[in-house]
Amino acid sequence: MSKIEVKNIFKIFGSHPAKWIDAARNGISKDELLAKSGHTLGLRDISLSIEEGSIYVIMGLSGSGKSTLIRHFNRLIDPSAGQILVDGLDVMSLNNRDLESFRRKKMSMVFQRFGLFPHRSVLENAAYGLTVQGVGKAEREKRASEWLEQVGLAGFEKQYPHQLSGGMQQRVGLARALATDAEILLMDEAFSALDPLIRREMQDHLLALQAKLNKTIVFITHDLDEALRLGNRIAILKDGELVQEGTPEDILLNPANDYVQSFLQDVNRTKVLNASHAINPPRLTLTMRSRPAHVVDRLHAMNWEYAPVLDGKRLAGVLTMDAAQVAMRNGARDISGSVEDLATVPATAGLDEVLARLLHSDKPMAVTDDNDEFMGMLSRRKLVELVTPPPSESTESVFAPSAASVAAKAQATSDGAVVADVSPPADPLSTGDVAGAESPTAHRDADQLASTVDAGGPGSAKEGVVQRDKV
């Protein structure tokens, strides 16, 4: 459900903005508008939908319009055209009295430069919003003290702002905003003035508080790392225009243009992406009741050496071709007694964690969700592609140096143990007990390794060791 909706907002700064709205709608550039009229284009046709209970990050360079936009939400700035809806209420329709009440009760704001009163104590600063609301002294001090404790400032109530570090002063500002119990928290570059370590500490604190409070937070920043870490969704502005909007993963994997890409150059992808981005969706899964003969036929037809086995929706393990053949020769009714353990990684695990695991294992790895239900097999090829820059056509098979430590291992076990470089043929069976398919097709490049399983020998899949042969 949308908590805040921004519809076609324009903002032109100058003495006669209405006169130039049509020109702005027709695409006049910011520089041309300034040259012709002396007016400045602040925002052009911005539309956003901010979900309740989310952290929505608006980012861009200086002059992009991000701080101008957030000040429209509580009408510190009025738009030249467009609508702002909060819980369906058109904020532009509010008279002065209603607007004052709206600002006191619906939204709170945290500023970059803290905005603390130097002559008031920490407790008095934290209680200031409640003072404006008319809350009695005993009650407001009680509530302010509780929020100071929540942000880690218990015991500092009688101190004054100049006696606190920058990070502590920002915590007072955060406590002041939270004490009013407003549903929406506006944070305008709230952590930008802090040292890096203090900044990350404040980010951690905000995420911990949000997990408990579930506020709707609009967060302004010029730092993409901060945006990717905090935001459920991110909007990127340039020269007052919306360039791209989406989830952190959308923006990281599909930048809209060179401007967005420039933000991404130094981003550590392994801290943002997780195992769910590096899976091959299941195309072949077995059940504990699958018949050995059918499984052997299926694996042989698809030229695969193993397949995951499910017990209901949960992962039971893996069945190798060798184990299936043994079960068939022994006359086993199903494969339940032949299933072996399969390494797993949760879908939420960061790629840095996944890489650490792969560096110490040659085994295939499955990805599971929060309920331990099977999502797919980890694709080591996808993993390498995600953590390295896209190669040019002339260097298609050369991995970036940053991935050199994992490339050989990743390619040696790419998506499962495979003998030949062929795409799986169409499914020849329709037995009901073998459904879907996970495709571990090998990718062969001149300088890469293919994976094989020496069935029954010392390098067999039973031992969890993949034998490597050069192509």
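The values are calculated or read from the model by the stated rules, or taken from the named source; none is laboratory data. Bear in mind that the values here come from a model prediction, so they are computed numbers and not experimental data. Please note: Cβ atoms are built from the backbone with ideal geometry, for glycine as well, and neighbour counts cover all protein chains shown.
The set of residues from segment 83-123 being crowded, with 18+ Cβ neighbours inside 10 Å and part of a strand (DSSP E or B) comprises ILE84, VAL86, MET107, SER108, MET109, VAL110.
Out of LEU253, LEU224, LEU230, LEU194, report the one residue that is under 17 Å from the mean Cα position of the chain (by Cα), outside the structural domain of LEU355 (by TED's automatic domain parsing), of a type in the set (A, V, I, L, M, F, W, C) and within 30 Å of LEU130 (Cα to Cα). Steps first, answer last, please.
Details: LEU253 fails: within 30 Å of LEU130 (Cα to Cα); LEU224 fails: within 30 Å of LEU130 (Cα to Cα); LEU194 fails: under 17 Å from the mean Cα position of the chain (by Cα).
After ruling out the rest, the residue left standing is LEU230.
Of the residues making up segment 366-383, those that are without any contact (Cβ under 8 Å) to a residue 60 or more places away in the chain and within 15 Å of VAL309 (Cα to Cα) number 3. Taken as a whole, the condition of being assigned by TED's automatic domain parsing to the domain that holds PHE102 and either surrounded by fewer than 23 Cβ atoms within 10 Å (Cβ to Cβ) or touching a helix residue (DSSP H, G or I) at 6+ places or on another chain (Cβ under 9 Å) (or both) does not apply to PHE156.
Let's see how each residue does on (1) closer than 26 Å to PHE73 by Cα; (2) outside the structural domain of ILE70 (by TED's automatic domain parsing):
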{"position": "GLN133", "(1), (2)": "yes, yes"}
{"position": "GLU141", "(1), (2)": "no, yes"}
{"position": "TRP147", "(1), (2)": "yes, yes"}
{"position": "GLY152", "(1), (2)": "no, yes"}
{"position": "GLY166", "(1), (2)": "no, yes"}
{"position": "ASP204", "(1), (2)": "yes, no"}
{"position": "ASN214", "(1), (2)": "yes, no"}
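When restricted to residues that are touching a helix residue (DSSP H, G or I) at 6+ places or on another chain (Cβ under 7 Å) and without any contact (Cβ under 8 Å) to a residue 60 or more places away in the chain, segment 167-183 contains 5. Kindly indicate whether LEU186 is assigned by TED's automatic domain parsing to the domain that holds GLU226, aliphatic (A, V, I, L, M), touching a strand residue (DSSP E or B) at 6+ places or on another chain (Cβ under 9 Å) and part of a helix (DSSP H, G or I). So LEU186 fails the test. Just so you know, in segment 211-245 the residues that are out of contact with any helix residue (DSSP H, G or I) (no Cβ under 9 Å at 6 or more places or on another chain) and over 17 Å from LEU48 (Cβ atoms) include one that is surrounded by the fewest Cβ atoms within 10 Å (Cβ to Cβ), and it is ALA211.
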